[in-house]
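Below: the structure, in structure tokens.
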Amino acid sequence: MKIYHTDIHSPIGTLSLFSSEQGLKKVCWDTDFSEAPFAKWFPGYSEIIWHTTHPILERASSQLETYFKKELTRFAIAFDLDGTSFQQEVWKSLQKIPYGHTISYQQLAISVDRPNAVRAVGNATGQNPLPIIIPCHRVILKNGNIGGYSSGIQIKDWLLAHEGIIL
């Protein structure tokens, strides 16, 4: 089975996109995968085809470019995500956070019927393989502070400001 890859340039750096035949699998900043464990990212896949075109990658690239122009507020792309059922549940709930809005990790935990699992929800959020597209940047601390972000606070701050959210 093959993984397809392409890069796009964005206002916050080069993004690398990876897909299978079924859907988008991973989005990361190019610096995030310089020493990446590809076998861990894509278990069961035998080959990565670098710098290629594929309909899923083309759609994702187009939608990301439109998002960065502030002309898209919700992504419509097929996903092919690897994760536990709990992670999948958290990632699905993240997709319900509207553009230009934030929720707290506590609210996210409540949304997946696990009000006492804030830390686990935070960990699942941090493992989101599709940042921007699955908007984990819209999750902040209960006290209104920005919280963490797997790709760095500066990128999270930029994404929130891009959507009109100033903390």
Handout entry: Contacts under 9 angstrom Cβ, first residue in segment 91-112 being more than 19 Å from residue 78 (Cα to Cα), partner among the aromatic types (Phe, Trp, Tyr) and surrounded by fewer than 16 Cβ atoms within 10 Å (Cβ to Cβ), 6 or more apart
Key = 112/86
Completion exercise
Scanning segment 59-73 residue by residue, those under 19 Å from residue 129 (Cβ atoms) and either in contact with a helix residue (DSSP H, G or I) (Cβ under 9 Å, 6 or more places away or on another chain) or among the acidic types (Asp, Glu) (or both) turn out to be 67
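Take residue 132 and tell me if it is of a type in the set (A, V, I, L, M), in a loop (DSSP other than H, G, I, E, B) and at pLDDT 95 or above.
Working: of a type in the set (A, V, I, L, M): yes; in a loop (DSSP other than H, G, I, E, B): yes; at pLDDT 95 or above: yes.
When the stated conditions are applied, residue 132 passes them.
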Problem - Residues within segment 4-41 that are in a loop (DSSP other than H, G, I, E, B) and either at pLDDT below 85 or of a type in the set (D, E, K, R) (or both), tallied - result: 5
Handout entry: Residue, nearest to residue 98 (Cα to Cα), within segment 128-167, restricted to residues that are among the polar types (S, T, N, Q) and surrounded by 14 or more Cβ atoms within 10 Å (Cβ to Cβ)
Key = 128
Problem - Qualifying residue in segment 48-64 (condition: charged (D, E, K, R) and assigned to a helix (DSSP H, G or I)) - result: yes
Exercise for the section: Run down 147, 152 and say which single residue is on the phi > 0 side of the Ramachandran plot, touching a strand residue (DSSP E or B) at 6+ places or on another chain (Cβ under 9 Å) and without any contact (Cβ under 8 Å) to a residue 24 or more places away in the chain. Expected result: 152
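The values are calculated or read from the model by the stated rules, or taken from the named source; none is laboratory data. Computed from a predicted model, the values in this text were never measured in an experiment. Cβ sites come from the backbone with ideal geometry, for glycine too, and all protein chains shown count toward neighbours.
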